[in-house]
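Below is one structure, written out as structure tokens, with a few remarks after it.
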Amino acid sequence: MRIDILTLFPDMCTAVLKESIVGRACAQGLVTVQCHNIRDYTQDRHRRVDDAPYGGGRGMVMQAEPIYLCWKAVCEQTGTRPHTIYMSPQGRPFSQQLAVEFSHRENLLLLCGHYEGVDERLLEEIVDEEISIGDYVLTGGELPALVVADSIIRLCDGVLADSSCFEEESHFHGLLEYPQYTRPEEWMGRKVPDVLLSGHHANIEIWRRLKSIERTRIKRPDMMARFVPDPADAKRLKKAAKLFPDEHFEL
Ligand code: SAM
């Protein structure tokens, strides 16, 4: 998969993308991420890429032409028209489901706005959809683009050890993940739950599933209300909950 990021601050993006799991995935060629400086495509002799808004008002608006030329250069480089996403607080809320959907695409282009945003005509001309990372306003689209890129890259083949790494995580199946523990067995008088030390893999699997449901109900009742359990699984869990009488699992 290839992700192209169009930005006025490419260093901000490359600094993050070269680190950790995402950095390794890029270095190993599992994904390609290219950051493009929109300013390199301005034809203004002062390298300006923004101007005052028509109709007056505060702030500056990013001009259409430099972004369009940058986008066209990416289309030529990749030999395709990438699915083009404008990072915007007005967009569709981002989610794990969208990350999965985007991870199946060969090419994705993320456009980062700045200042008051981007000339509307450019959005009409090249953008396929607008995506928001939440109902708040940031100074630019770089952090949102990095959030989106990171969540997609970790889903790509070979980036994590195997798909169970993300399939068991929060949000993948509409629930939050179970609690995690590591050494030592006791810390500040708090013990790791016995079942996790038992080596009984079937009981561990059931306990984690029950915990996952319990904490989703407590932390995210909105998610729980949307969760539709498989009837056979629900029956199995109800029976299995009796294995852990001290936990008082509600099902
Ligand atoms: N004037 C715009 C409005 O009220 O809708 C906000 C512009 S914002 C200051 C500058 C840029 O940051 C946007 O063009 C967008 O690319 C990015 N941005 C800000 N908040 C965002 C969010 N919640 N999700 C995605 N992108 C965001």
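The values are calculated or read from the model by the stated rules, or taken from the named source; none is laboratory data. Computed from a prediction, not measured in an experiment: that's the story for all the values here. Here the Cβ is made from the backbone with ideal geometry for all residues, glycine too, and neighbour counts use every protein chain on show.
Given the conditions (1) more than 14 Å from the chain's Cα centre (by Cα); (2) near the ligand (Cβ under 9 Å from one of its atoms); (3) in a strand (DSSP E or B), and given that Glu116 satisfies all but one, which numbered condition is not satisfied? Of the numbered conditions (1) more than 14 Å from the chain's Cα centre (by Cα); (2) near the ligand (Cβ under 9 Å from one of its atoms); (3) in a strand (DSSP E or B), the odd one out for Glu116 is (3). Among the residues making up the range 126-143, those that are farther than 18 Å from Val33 by Cα and either surrounded by 15 or more Cβ atoms within 10 Å (Cβ to Cβ) or in contact with a helix residue (DSSP H, G or I) (Cβ under 7 Å, 6 or more places away or on another chain) (or both) are Ile126, Val127, Glu130, Ile131, Ser132, Ile133, Leu138, Gly140. Within the range 4-33, the set of residues being outside any helix (DSSP H, G or I), farther than 11 Å from Val159 by Cβ and touching a residue at least 24 places away in the same chain (Cβ under 8 Å) comprises Asp4, Ile5, Leu6, Thr7, Leu8, Phe9, Thr32, Val33.
Could you pull out the residue among Glu129, Glu125 that is within 14 Å of the ligand (Cβ to nearest atom), farther than 30 Å from Arg215 by Cα and at pLDDT 95 or above? That would be Glu129, the only listed residue that is within 14 Å of the ligand (Cβ to nearest atom), farther than 30 Å from Arg215 by Cα and at pLDDT 95 or above.
Residues in the range 149-167 that are surrounded by 20 or more Cβ atoms within 10 Å (Cβ to Cβ) and in a loop (DSSP other than H, G, I, E, B): Leu155, Val159. Take Leu98 and tell me if it is within 29 Å of Gly174 (Cα to Cα), within 16 Å of the ligand (Cβ to nearest atom), of a type in the set (A, V, I, L, M) and in contact with an Asp or Glu (Cβ under 9 Å, 6 or more places away or on another chain). The answer is no for Leu98. When His104 is tested against the conditions (1) more than 16 Å from Ile153 (Cα to Cα); (2) more than 16 Å from the ligand (Cβ to nearest atom); (3) not polar (S, T, N, Q), the lone failure is (1). When each of Pro179, Pro89, Pro93 is tested for being touching a Lys or Arg at 6+ places or on another chain (Cβ under 7 Å) and either surrounded by 11 or more Cβ atoms within 10 Å (Cβ to Cβ) or touching a residue at least 40 places away in the same chain (Cβ under 8 Å) (or both), the lone residue that passes is Pro179. Checked against the criterion of being among the hydrophobic types (A, V, I, L, M, F, W, C), within 16 Å of the ligand (Cβ to nearest atom) and surrounded by fewer than 18 Cβ atoms within 10 Å (Cβ to Cβ), the candidates Ala64, Ala15, Ala27 yield just one match: Ala64. In the set Thr80, Thr84, only one residue is more than 16 Å from the ligand (Cβ to nearest atom), among the β-branched types (Val, Ile, Thr), free of Cβ contacts under 8 Å to residues at least 60 places away in the same chain and outside any helix (DSSP H, G or I); that residue is Thr80.
The listed residues are Leu146, Leu109, and the only one of them that is surrounded by 15 or more Cβ atoms within 10 Å (Cβ to Cβ) and outside any helix (DSSP H, G or I) turns out to be Leu109. Please tell me if Gly55 is in a loop (DSSP other than H, G, I, E, B), within 15 Å of the ligand (Cβ to nearest atom) and touching a Pro at 6+ places or on another chain (Cβ under 8 Å). No: the conditions fail for Gly55. Pull up the range 119-143, narrow it to residues that are part of a loop (DSSP other than H, G, I, E, B) and among the charged types (D, E, K, R), then point me to the one that is farthest from Glu76 (Cα to Cα). Top of the filtered list is Asp135.
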